[in-house]
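Asker: Below are the structure tokens for one structure; questions will follow.
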Amino acid sequence: MKPGELRDYLGTLINNDLRISVMIWGPPGVGKSSIVMQIAEQNALEFIDVRLSQLAPTDLRGLPVPEDGSTCWMPPDFLPTSGKGVLFLDEINMAPPAMQGVAQQLILDRRVGSYRVPDGWFVWAAGNRKEDRAAVFDMPGPLANRFVHLEVEPAAEDFRQYAYSNTFHEHVISFVTFRDDLLHKIMENENAWPSPRSWEMADSLYKAGLDIAPAVGPAPASEFYAFLEIIENTPDLDAIAEGKTSIAFPEEPSLRYASVMGLVGRCLQPDIAMHCFRWLVDKAPAEWVQLFATDLFPRLRERDQLTEVHQNMLGDKQLNAFLQEFTELMTA
């Protein structure tokens with residue numbers, strides 16, 4: 001499933017109070033941990049991230065202490081004792097079998113030693129796969145059978161929405177859209193390689209005027225810089241955002257991606273969105289207008305501007321026709 005679908009799935013579990021143990025599989029850097037953290041924050045839940053690979057069995061089970069002539073187990077202080085939240089066992093399959101065995105009781109019985117997971121807590125886990133070049137152990141069958149298994153893969157649309165929300169530079173967004181095969185690509189014999197996580201690091205480096213190769217690898221970085229040389233001929237997007245519609249839509253594909261992504265980033269107000277829509281509908285092939293709308297509408301919805309833009313589009317004959325075609329396409 002896509003990251004957005006994973007987010008919806010986990011949100012549904014919370015909304016229906018389904019405290020079913022979940023195992024999230026996926027390649028490194030795709031955003032598994034950050035999605036779980038975001039879902040917890042959005043639902044006003046506490047979030048505890050436990051890395052089992054860094055613990056010994058006694059760290060989770062607790063230490064034996066004498067009490068009234070017998071031995072009891074003193075649980076660690078990082079486990080929740082009250083409230084509501086998500087107990088997240090990240091990188092669970094990097095833990096050795098002995099540690100996974102202790103976690104099995106926590107996941108199935110919601111207890112280990114003298115400790116019990118409070119009723120208001122969800123127990124979820126995540127891990128990488130062997131094909132991701134991750135140093136992981138096989139998950140024992142009895143442990144695997146205690147989970148609902150979800151597999152997440154990177155998706156360009158989800159990355160763009162995250163990038164817009166976190167104010168990535170439009171050049172980074174445009175390039176990853178143009179070369180979506182480089183959104184996530186594990187490269188043999190390279191320490192640095194592109195992933196949603198490493199593109200976020202690359203964005204910070206690029207804004208600071210530093211080379212992005214240490215984040216995404218030398219080959220993707222070289223392609224990114226070649227892309228920048230091409231898009232120097234991008235149309236004046238600020239003029240388009242101001243309502244000047246005499247500018248031609250470019251022919252070169254990389255310039256088209258740069259134009260559309262750049263305009264999405266500039267649509268901070270409904271009137272700017274209308275100017276950009278009018279220019280694209282008038283000058284660009286339909287698929288580029290659709291790409292613009294697909295990326296822009298979630299951004300407008302997030303800022304509570306979608307209704308205003310939608311009403312304005314309905315009042316414009318040309319934009320109304322596009323809107324009807326777009327709605328039919330999205331519901332087909």
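The values are calculated or read from the model by the stated rules, or taken from the named source; none is laboratory data. All of these numbers come straight from a predicted model, not from anything done at the bench. No Cβ is skipped: glycine too gets one built from the backbone with ideal geometry, and neighbour counts run over all protein chains shown.
Asker: Is at least one residue of region 156-163 at pLDDT 80 or above, of a type in the set (S, T, N, Q) and under 30 Å from Asp236 (Cα atoms)?
Answerer: For region 156-163, residues at pLDDT 80 or above, of a type in the set (S, T, N, Q) and under 30 Å from Asp236 (Cα atoms): present.
Asker: Can you name the residue in region 60-75 that is within 16 Å of Gln105 (Cα to Cα) and over 31 Å from the mean Cα position of the chain (by Cα) and is also surrounded by the most Cβ atoms within 10 Å (Cβ to Cβ) among such residues?
Answerer: Top of the filtered list is Arg61.
Asker: In addition: When you scan region 197-204, do you find a residue that is within 20 Å of the chain's Cα centre (by Cα), among the acidic types (Asp, Glu) and farther than 24 Å from Val289 by Cβ, even just one?
Answerer: yes
Asker: Limited to region 241-259, what total is found for residues that are in contact with a helix residue (DSSP H, G or I) (Cβ under 6 Å, 6 or more places away or on another chain) and within 19 Å of Gln305 (Cα to Cα)?
Answerer: Looking only at that region, the number is 2.
Asker: Have a look at Glu157, Glu153 and point out the one that is outside any loop (DSSP other than H, G, I, E, B), among the acidic types (Asp, Glu) and closer than 25 Å to Glu41 by Cα.
Answerer: Glu157
Asker: Okay, moving on. Could you grab the pairs with beta carbons closer than 9 Å, sequence gap of 6+ or different chains, first residue in region 33-48 and in the same structural domain as Phe122 (by TED's automatic domain parsing) and under 17 Å from Val152 (Cβ atoms), second one of a type in the set (Ser, Thr, Tyr) and assigned to a helix (DSSP H, G or I)?
Answerer: Ser34/Tyr162
Asker: Also, I was wondering about something else. Which number in (1) part of a helix (DSSP H, G or I); (2) surrounded by fewer than 17 Cβ atoms within 10 Å (Cβ to Cβ) marks the one condition that Ile231 misses?
Answerer: With (1) part of a helix (DSSP H, G or I); (2) surrounded by fewer than 17 Cβ atoms within 10 Å (Cβ to Cβ) applied to Ile231, the lone miss is (2).
Asker: Still on this structure: Considering region 247-262 alone, what residues qualify as being of a type in the set (D, E, K, R) and surrounded by 19 or more Cβ atoms within 10 Å (Cβ to Cβ)?
Answerer: Arg256
Asker: Hey, among Gln324, Gln311, Gln290, which residue is in contact with a Phe, Trp or Tyr (Cβ under 9 Å, 6 or more places away or on another chain) and part of a helix (DSSP H, G or I)?
Answerer: Gln290
Asker: Further question on the same structure: Tally up the residues in region 64-110 that are of a type in the set (D, E, K, R) and on the phi > 0 side of the Ramachandran plot, please.
Answerer: Residues meeting the conditions: 3.
Asker: A further question follows. For residues in region 263-282 being under 24 Å from the mean Cα position of the chain (by Cα) and not hydrophobic (A, V, I, L, M, F, W, C), which is surrounded by the fewest Cβ atoms within 10 Å (Cβ to Cβ)?
Answerer: It comes out as Arg266.
Asker: Here's a follow-up. Return the residues of region 101-117 that are more than 12 Å from Val50 (Cβ to Cβ), part of a helix (DSSP H, G or I) and without any contact (Cβ under 8 Å) to a residue 60 or more places away in the chain; say none if nothing qualifies.
Answerer: Correct list: Gly101, Gln104, Gln105, Asp109.
Asker: OK, next. Would you confirm, using the coordinates I've provided, whether Arg278 is farther than 30 Å from Tyr225 by Cα, assigned to a helix (DSSP H, G or I) and modelled with pLDDT of 90 or more?
Answerer: yes
Asker: Additional query: Can you find, within region 37-59, the residue that is farthest from Gly85 (Cα to Cα) among those that are surrounded by 17 or more Cβ atoms within 10 Å (Cβ to Cβ) and either in contact with a Leu (Cβ under 7 Å, 6 or more places away or on another chain) or of a type in the set (Lys, Arg) (or both)?
Answerer: So, considering only residues that are surrounded by 17 or more Cβ atoms within 10 Å (Cβ to Cβ) and either in contact with a Leu (Cβ under 7 Å, 6 or more places away or on another chain) or of a type in the set (Lys, Arg) (or both), the one farthest from Gly85 (Cα to Cα) is Leu52.
Asker: Right, here's the next one. Is it the case that some residue within region 187-201 is part of a loop (DSSP other than H, G, I, E, B), free of Cβ contacts under 8 Å to residues at least 60 places away in the same chain and closer than 30 Å to Arg301 by Cα?
Answerer: Yes, region 187-201 contains a residue that is part of a loop (DSSP other than H, G, I, E, B), free of Cβ contacts under 8 Å to residues at least 60 places away in the same chain and closer than 30 Å to Arg301 by Cα.
Asker: What helices (runs of 4 or more DSSP H) completely inside region 1-77 contain at least 3 residues that are over 26 Å from Pro194 (Cα atoms) and at pLDDT 90 or above?
Answerer: Because the criterion is at least 3 residues that are over 26 Å from Pro194 (Cα atoms) and at pLDDT 90 or above, the helices (runs of 4 or more DSSP H) in region 1-77 that meet it are 3-15, 32-42.
Asker: When you check Asp295 against the structure, is it loosely packed, with under 15 Cβ neighbours inside 10 Å and either at pLDDT 90 or above or closer than 18 Å to Glu157 by Cβ (or both), yes or no?
Answerer: No.
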